[in-house]
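Contents: one structure, followed by commentary.
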Amino acid sequence: MKYIIVDLEATCWEKKSPTDVNEIIEIGAVCVDEHKNIQSEFCAFIKPTLNPKLSEFCKSLTTITQENVDAAETFDVTLQKFKNWVNTQDEYILCSWGFYDKQQFESDCRLHQLNTDWLKHHISLKHQYAVIKNIKRPIGMMGALKMENMVAEGTHHRGIDDARNICRLFLTYFDNWKV
């Protein structure tokens, strides 16, 4: 069994209009084996198709530049590379901080007419963390890091950095997650 700790960044706007559709612009992921060993990482930018020009808000929030996405491949190509990295023939669980990442993967797969069966094994660490810590409402990753007296590493709202930070929380409670 392997655990794929994943975090996505997507197009976003300060004031979203009805025609603004979020699309994944970065996949960041860390692979952890059943012995709590980090096996490898995956990080890739994606060129959005519906709204190829990033908003100023999005660039500021994520630090992802227009040049990053302009030079990237499209979702279908990058997703295939991600699935090859995961090796979806093996047993794996996708783990993210909340359900947003799974829902955004589903949305982008629908947009590009791609199968979503590979998403069926997913858990929300955010919601399980609330149960583990016996807190009433799930909290964000930054709040969980603070609760654990951990300092966030890297840049918040960058997929690979957030995946690494989520992985630190995941490893702290490795034996407590229900998969």
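Structure values in brief
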item: For the stretch 10-29 and the stretch 52-127, distance of Cα centres in Å; result: 11 Å
item: Percent antiparallel among DSSP beta bridges (both partners in the chain, rounded to 5); result: 65 percent
item: Degrees between helix 159-172 axis and first principal axis of the chain (Cα, 0 to 90, nearest 10); result: 10 degrees
item: Degrees between helix 75-86 axis and first principal axis of the chain (Cα, 0 to 90, nearest 10); result: 20 degrees
item: Low-density loop positions, GluC sites (Glu not before Pro), the stretch 60-142 - DSSP coil, at most 16 other Cβ in 10 Å; result: Glu91
item: Most mobile of His127, His156, His112 in a GNM of the chain (Cα contacts under 10 Å); result: His112
item: Neighbour cut-off at most 13 other Cβ (10 Å), DSSP loop, trypsin sites (Lys or Arg not before Pro), the stretch 74-160; result: Lys120, Lys136
item: Amide proton proximity set for Cys12, modelled H, under 5 Å, gap of 5+; result: Ser55, Cys58
item: Gaussian network model of the chain, Cα within-10 Å springs - most flexible of Ala163, Ala44, Ala71; result: Ala71
item: Set Lys15/Lys102; Lys36/Lys136; Lys102/Lys136; Lys16/Lys47; Lys53/Lys126 screened for pairs whose C-alpha atoms are more than 25 Å apart; result: Lys36/Lys136; Lys53/Lys126
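Only the coordinates and a few stated rules stand behind these numbers; no lab work does. These figures come from a predicted structure and were not determined experimentally. Please note: Cβ atoms are built from the backbone with ideal geometry, for glycine as well, and neighbour counts cover all protein chains shown.
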